[in-house]
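Comments concern the structure below.
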Amino acid sequence: MKKLIPMLLSALMFTGCVGTSNSQTDTYRQITMDEAVNMMEQESGYIILDVRRPDEFAAGHIPNAINVANEFIGTSDIPELPDKNQLIMVYCRSGRRSKEASEKLVKLGYTNIVEFGGILDWKGEIVTD
């Protein structure tokens, strides 16, 4: 019993330190479309990132959005997104690819990623190329 107690205490201390990091730098925030619209009205200096394919983007996108397709986000720097601390608001068609892209961006070192779903829920203006 005397040997068991120190082992249990050590195990508890170790597990308490593993996997507890939830800082903004290792995750992204997921917000609703309404919250995204409010953020766009109140913030400045952000990027709206559409992660759909180029043909989908050309068919209609949120005004001022830039396009970097999810499948092109990998392990290397993205020239269109040079500032890794800039607020980047990510969307796709329905929300699946934007979540994947947001995870990949965080792994690349981006620290201010906000994912807000898909253009299917967008009630504002849509522009075409």
Students often forget the sequence filter, so: which aspartates and glutamates lie under 17 Å Cα-Cα from LYS104 once same-chain residues fewer than 8 apart are removed? ASP26, ASP50, GLU71, ASP77, GLU80, ASP83, GLU115
Integer Hz, Karplus 6.51/-1.76/1.60 couplings in order for region 71-83, x for Gly and Pro: 5, 9, 8, x, 10, 10, 4, 10, x, 6, 10, x, 9
Classify region 32-129 as rounded, prolate or oblate, taking a ≥ b ≥ c as the square roots of the eigenvalues of its Cα gyration tensor: rounded when a/c is under 1.5, otherwise prolate if a/b is larger than b/c and oblate if not. oblate
Note down the accessible area of PHE72, probe 1.4 Å, to the nearest 10 Å². 150
Anisotropy class of region 21-86 from Cα gyration tensor, a/c 1.5 cut: oblate
How much accessible surface does ILE78 have with a 1.4 Å probe, in Å² rounded to 10? 10
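The values are calculated or read from the model by the stated rules, or taken from the named source; none is laboratory data. Because the structure is a prediction, the values reported are computed rather than measured. Each accessible area value is taken on the protein alone, full model and side chains, heavy atoms only, with ligands, DNA and RNA left out. Shrake-Rupley method; radii C 1.70, N 1.55, O 1.52, S 1.80 Å.
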